[in-house]
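What follows draws every value from the coordinates through simple rules; no lab data is involved. Quantities reported herein were computed from a predicted structural model and do not represent experimental measurements. Methodologically, a virtual Cβ is constructed for each residue, glycine included, from the backbone with ideal geometry; neighbour enumeration extends over all protein chains shown.
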Amino acid sequence: MRIKPNTSGTHQGRQAAVLQNSCITSGQRGFTLLEMMIVMVILAIMAAVAIPAFSNWREQQAVRNAAQALLAQLKQARVLALSENRSVRITFTATSYIFDADTTGSCSRCKNESHNLSEYSGKLTLSPTTTRTFSSRGTANSGSITLTAGSHSKTITMNVIGRAYLQ
C-alpha cells in the first residue's frame, strides 16, 4: 500500500488517499481450500491427542477432590462427637455417604447430610460400604476407605483414636 498525499490545496478532503498495491491481484488474497483443510486436519490430530489426556486428568482430580472432601467430613465428625458429647456416624454406600447419620431414629441433633459422589464424577465409587462411628471421646472404629474412578484411587485410613489420613 502507498499513501497518496493531498495536493489539491483545499481544506476539503485533507486526508490522504490510500492506493492499493498494483501487484496484488484478487486471486492472491485469502486462503485456499487446501490450506484450510490442512489446518483442520492438524487441529483434529491435536484434539485426538488432548482429549484422552484431559479425561484422565479429570478422573484424577475428581478422586483427589472427593477424597479431600471426605477427609474433611471425617475430621468434622470427630470434632462434632467431642464437642457435643455424643456418637457421630458416617454411613457409606458405593456412590454416596451420609454425614451424622441417625441410624437409631432417636437422634434429634443428627444432621443426616447426604453427599453424592456423582458431584465429582459419575465414575467415582467408594469401598467398603460400612459405617464409621466416632464416640463421644473422639475414638472410632479403625479401617480404610478407598475412592476409585477409572485407574485412579485414593485411600483414607482411620486409626483407633479417630484420626484420618489421606494416603
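Some notes on this structure:
- In terms of surrounding Cβ atoms within a 10 Å radius of their Cβ, E35, E119 rank from fewest to most as E35, E119.
- Ordered by the count of other Cβ atoms within 10 Å of each Cβ, fewest first, V63, V88 give V63, V88.
- For segment 73-134, the relative contact order works out to 37 percent when only alpha carbon pairs closer than 8 Å and six or more residues apart are counted.
- Short-range pairs are left out: with C-alpha atoms under 8 Å and at least six residues apart, the relative contact order of segment 62-166 is 30 percent.
- Proxy reagent accessibility, fewest Cβ within 10 Å first, across F31, F99: F31, F99
- Taken as Cα centroids, segment 107-140 and segment 54-81 sit 12 Å apart, rounded to the nearest whole angstrom.
- Three-way shape call for segment 62-166 based on the alpha-carbon gyration tensor, with the a/c threshold at 1.5: prolate
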